[in-house]
């Protein structure tokens with residue numbers, strides 16, 4: 001069976017997204033909200049502690065706001081881990097669907113989906129390559145096609161992880177105390193939140209568009225039900 005050629009000018013009544021897609025998108029939404037709150041809270045905390053360092057006192061409500069921004073950041077790591085686990089299973093499921101929809105041999109296997117994230121050196125590029133193949137081939141395009149959405153997702157994710165590592169190292173070696181330390185912490189929080197927000201938004205678009213493209217392929221191929 002050859003992969004159907006998609007015609008996006010034809011209006012099709014597509015089925016609802018797969019359950020795993022829906023769960024992953026919900027987790028991504030919650031994670032994005034967490035990082036948005038982190039970024040906004042970090043910016044607000046930096047502003048308030050800058051005023052405090054300049055001699056202006058903080059009201060009890062402002063102190064609660066700064067403490068709240070710290071508490072929100074504690075949810076970031078478990079949210080990222082949970083979303084990452086869901087993404088792994090979604091990539092395996094999407095690749096399985098793609099293999100059933102196209103007769104062309106896929107470059108990467110199910111093992112590559114998992115091992116590509118943990119093998120040294122390979123982990124810096126393999127997840128991007130696997131996602132790009134899933135995304136492009138699901139849309140009836142060659143895997144070598146230029147996919148800026150995939151590039152934005154992976155590039156900003158790498159930048160976010162590097163920023164998070166730099167933030168951890170910076171905190172462990174800083175000698176700042178008091179308001180200066182709070183400003184330092186808040187600035188790094190904003191710096192880490194921004195690339196995670198951009199990467200997460202790109203990933204949500206990738207997941208949704210891939211799911212819809214595979215649904216179109218199923219209709220074009222006359223396949224009913226979930227693969």
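Every read-out reported here was derived from the displayed coordinates using simple, explicitly stated rules and does not represent laboratory data. Only a predicted model underlies this, so the values are computations on that prediction, with no experimental measurement involved. All Cβ positions, glycine included, derive from the backbone under ideal geometry; neighbour counts span all protein chains shown.
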Each label sits 7 Å from Cα toward the beta-carbon; between residue 122 and residue 141 the label points are separated, in nm, by 2.6 nm
Relative contact order as a percentage, the stretch 114-156, C-alpha pairs under 8 Å and 6+ apart, gives 27 percent
Rounded to two decimals, the Rg over Rh value of the stretch 19-221 from Cα coordinates and the Kirkwood Rh reads 1.09
Rounded to the nearest 0.05, FRET efficiency between residue 56 and residue 85 (Cβ-Cβ, R0 45 Å) equals 0.50
For the chain, the longest principal axis of the Cα atoms and the Cα long axis of helix 60-73 enclose an angle in degrees, to the nearest 10, of 40 degrees
Descending packing, highest mean Cβ count within 10 Å first, for 208-217, 17-26, 113-122 is 208-217, 17-26, 113-122
A student applying the Cα gyration tensor rule (rounded when a/c is under 1.5; otherwise prolate if a/b is larger than b/c, oblate if not) would label the stretch 78-128 oblate
Taking 86-98, 154-166, 192-204, 61-73 and ranking on average Cβ neighbours within 10 Å, highest first, one gets 192-204, 86-98, 154-166, 61-73
In degrees, nearest 10, the alpha-carbon axis of helix 148-173 is tilted away from the dominant principal axis of the alpha carbons of the chain by 30 degrees
Extension length gain for residue 168 and residue 201 (0.36 nm per residue less Cα distance), in nm, is 9.5 nm
Nearest 10, in degrees from 0 to 90: the angle of helix 76-101 to the longest Cα principal axis of the chain is 10 degrees
So, relative contact order of the stretch 19-221 in percent, Cα under 8 Å, 6 or more apart, is 34 percent
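Sort 43-53, 125-135 for me by packing, meaning the mean count of neighbouring Cβ atoms within 10 Å per residue, highest on top.
125-135, 43-53
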To the nearest 0.05, the calculated FRET efficiency linking residue 64 and residue 161 through their beta-carbon distance, R0 being 35 Å, is 0.70
